[in-house]
1. Anything in region 70-80 that is surrounded by 16 or more Cβ atoms within 10 Å (Cβ to Cβ) and under 15 Å from VAL92 (Cα atoms)? List them, or say none.
2. Of all residues in region 53-69, which are outside any helix (DSSP H, G or I) and surrounded by fewer than 20 Cβ atoms within 10 Å (Cβ to Cβ)?
3. ILE42 - would you say it is in a helix (DSSP H, G or I), at pLDDT below 95 and in contact with a strand residue (DSSP E or B) (Cβ under 8 Å, 6 or more places away or on another chain)?
Amino acid sequence: MIDAWAQGFETKPAPVPREAEAEIFYRLAANMENGGNTKDAIRIYRRAARAGSGKAAQRLGEIFDCGGLGIARDYAESVFWYDIAFRLGEVVPTVDNRDGRACPKGAQ
């Protein structure tokens, strides 16, 4: 009898808020990228951006803007992610505010 009653009170972990999930994925992706695992980092950055991380979307824009580290330059993909980052409140590079910044050494 007690077992049947207790089953109704099984605890499940509380859901992680979407903002926290996005930040967790963003940090995981940044660590992967810093460790040289760029392709998997891109996969996780995408997940973070879809969960609402403007920083992840901006980083994806930068990666595809510059290419390098085994990733080909892809301006259409770059613009797509910069647009998402902008919509999520990030300041993204434009022709007017790029300040002559170049891609890092080693980029295509």
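The values are calculated or read from the model by the stated rules, or taken from the named source; none is laboratory data. For clarity, every value in this text was computed on a predicted model and none was experimentally measured. Note: ideal-geometry Cβ built from the backbone for every residue, glycine included; neighbour counts use all protein chains shown.
1. Residues satisfying the conditions are GLU77, SER78.
2. Keep residues of region 53-69 that are outside any helix (DSSP H, G or I), which gives 53, 67-69.
Across region 53-69, the qualifying residues are GLY67, GLY68, LEU69.
3. Numbers: in a helix (DSSP H, G or I): yes; at pLDDT below 95: no; in contact with a strand residue (DSSP E or B) (Cβ under 8 Å, 6 or more places away or on another chain): yes.
Criteria not met by ILE42.
This table checks each residue for (1) in contact with a His (Cβ under 6 Å, 6 or more places away or on another chain); (2) of a type in the set (A, V, I, L, M); (3) at pLDDT 95 or above.
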position	(1), (2), (3)
THR11	no, no, no
ARG18	no, no, no
TYR26	no, no, yes
ILE63	no, yes, no
GLY68	no, no, no
VAL79	no, yes, no
ASP99	no, no, no
ALA107	no, yes, no
